[in-house]
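Taking it in order: structure first as structure tokens, then the write-up.
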Amino acid sequence: MLDSNSLYVYDEDGNEKKMTILFTFDSDETGCQYVVFQDPENDESEVFASRYDDKGQLIPIETEAEWEMVEEVINTFVEDEENAD
């Protein structure tokens with residue numbers, strides 16, 4: 001489920017958790033759309049990412065190459081945010 005800036009996911013115990021969407025992006029390389037989000041209740045600022053399938057459902061990122069591409073986008077986002085301050 002998705003609302004304007006939140007995303008709901010299930011944890012390993014099957015509990016629904018509300019996450020804050022940081023940003024979404026499309027990759028020309030993979031042809032997929034990705035969402036980067038974090039748990040607003042977690043002080044560690046851990047960031048998560050998933051991609052959307054053709055039906056708009058979230059699916060995990062599975063390959064190392066895909067993770068490397070996503071991490072590069074996240075790092076660019078963080079640098080841009082830091083430079084904006």
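A compact table of results
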| read-out | value |
| --- | --- |
| In order through segment 27-40: 3J(HN,Hα) via Karplus (6.51 cos²θ - 1.76 cosθ + 1.60), integer Hz, x for Gly, Pro | 10, 5, 4, 9, x, 10, 9, 10, 10, 10, 8, 8, 7, x |
| Rounded to the nearest 20 debye, dipole of the chain from Cβ charges on Lys, Arg, Asp, Glu | 500 |
| Segment 12-51 - accessible surface per residue (Å², probe 1.4 Å) | 66 |
| Cβ-defined net charge surrounding residue 27, 11 Å radius [Lys, Arg +1; Asp, Glu -1] | -4 |
| Apportionment of accessible area to carbon and sulfur, segment 1-67, percent (1.4 Å) | 42 |
| Diffusion coefficient, µm² s⁻¹, Stokes-Einstein with Kirkwood Rh over alpha-carbon pairs of the chain at 37 °C and 0.692 mPa s | 238 |
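The values are calculated or read from the model by the stated rules, or taken from the named source; none is laboratory data. Fair warning: this is a prediction, and the values are worked out from it, not measured in the lab. All Cβ positions, glycine included, derive from the backbone under ideal geometry; neighbour counts span all protein chains shown. We work out accessible area using only protein heavy atoms, side chains counted, and drop any ligands, DNA or RNA first. Shrake-Rupley method; radii C 1.70, N 1.55, O 1.52, S 1.80 Å.
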